[in-house]
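Structure, as structure tokens:
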Amino acid sequence: MDTLKKELLELLKEKGAALVGVANMNGVENCDYPVGISVALPIPKHTVEDLKTAPTKEYYDLYHSLNSKLNGIVEEGEAFLREKGYHAFANTTEVVKADANSCTPLPHKTVATRAGLGWIGKSCILVTPEYGGAIRISTLLTDAPLPADEAITESRCGGCCKCVEACPAQALTGTNWKAGMAREELADIAACEKTIRARMQELYGFEFTICGKCFAICPYTQKYLNEQ
């Protein structure tokens, strides 16, 4: 492995990253850097188990704390690369802004699939072999000459439709993803968000678009949950 890449990945994992991959970002829309580093943290097993029934306040709180931890990890990576003389940009929650359709200029999922961390499931979220969809992800961008990992360009969900059947909003089309596919081919995001906002209001008295049921029941997530 390239020495610089090895040092960076060791640093990111030392800071807490569970999964790290490097992506070739050439030709990617809204990206001014040739290299992207995708970083993932798993959601604790007991939290995921509870999401099979309903969204939880614990997951709401954890969602924000994991994002904060990811911010710190990619910021450490940014500082490391800048010290080495390269340009780098930590794509944290402080700088990422979603539009009215809940789209961001450069989705973390795009970087993650190109970095080989996983694929986009029928749930429209990233699915990894190690943790299923029970992860939070972030991105670090750079012009450092890091060798890219092998990208994943198509779904590995096959004929499984557990997330489609479980979706409270019935918002998932059941389509297997391929790189470059429009989000709308996989899911009706507006229907998903409308349903979960109403559910969060009913359960906790405030609106927020966090559910988790689709990834909680995913067979890849179940494999993670069942590991000793």
Mean projected area, convex hull of alpha-carbon positions in the range 147-191, reported to one decimal in nm², is 4.0
Applying the span-like rule to the chain (DSSP H, Cα extent along axis at least 27 Å, Kyte-Doolittle mean at least -1.0) gives 57-83
Under the 7 Å Cα-to-Cβ spin-label approximation, Met181 and Ala18 lie apart by a distance in nanometres of 2.4
Distribution output for the chain: share of Cα-Cα pairs per 5 Å bin in percent, first bin at 0, values 1, 7, 14, 19, 20, 17, 11, 7, 3, 1, 0
Excluding residues fewer than 8 positions from Lys122 in its own chain, the aspartates and glutamates with Cα under 12 Å of it are Glu154, Glu165, Glu184, Glu185, Asp188
Candidate cut points under GluC sites (Glu not before Pro) in the range 165-228, DSSP loop plus at most 11 other Cβ atoms within 10 Å of their own Cβ, are Glu227
Ratio for the range 151-228, C-alpha Rg to 2.2 N^0.38 Å, reads 1.23
Given unit charges at Cβ for Lys, Arg (+) and Asp, Glu (-), the dipole magnitude of the range 109-228 about its Cα centre in debye, nearest 20, is 220
Once the in-chain neighbours fewer than 8 apart are removed, the lysines whose Cα is under 27 Å from Lys6 read Lys15, Lys69, Lys84, Lys109
Whole-percent carbon and sulfur contribution to the accessible surface of the range 64-150 (1.4 Å, no ligands, DNA or RNA) stands at 49
Mean-square fluctuation maximum in Gaussian network of the chain, Cα pairs under 10 Å, restricted to Gly133, Gly27, Gly77, hits Gly27
Regression test value, accessible area per residue of the chain, probe 1.4 Å, units Å², expected 49
Phi angles of the range 122-137, converted by Karplus (6.51 cos²θ - 1.76 cosθ + 1.60, θ = phi - 60°) into ³J(HN,Hα) in whole Hz with x for Gly and Pro, give 5, 6, 6, 10, 5, 10, 10, x, 7, 10, x, x, 7, 9, 10, 10
On the formula 1/(1 + (r/R0)^6), with r taken between the Cβ atoms of Glu7 and Lys57 and R0 of 41 Å, the FRET efficiency rounded to 0.05 is 0.55
The size of the Cβ-based charge dipole (Lys, Arg +1; Asp, Glu -1) of the chain about the Cα centre, to the nearest 20 debye, is 500
At the level of C-alpha centres, the distance separating the range 1-74 and the range 116-152, in angstrom, is 8
Here the alpha-carbon Rg of the range 1-66 over 2.2 N^0.38 Å rounds to 1.50
Expressed as a whole-number percentage, the relative contact order of the range 1-137 with C-alpha contacts under 8 angstrom and at least six residues apart is 30
Per GNM of the chain with C-alpha springs under 10 angstrom, the most fluctuating residue out of Ala134, Ala179, Ala100 is Ala100
Sorting Ala182, Leu126, Cys163 by the position of each Cα along the dipole of the chain (Lys, Arg +1; Asp, Glu -1; all at Cβ), the one nearest the positive end of that ordering is Cys163
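The values are calculated or read from the model by the stated rules, or taken from the named source; none is laboratory data. Every value quoted in this text rests on a predicted model; they were computed, and no experiment measured them. Methodologically, a virtual Cβ is constructed for each residue, glycine included, from the backbone with ideal geometry; neighbour enumeration extends over all protein chains shown. Remember, those area values only see protein heavy atoms, side chains included, never the ligands or the DNA or RNA. Shrake-Rupley method; radii C 1.70, N 1.55, O 1.52, S 1.80 Å.
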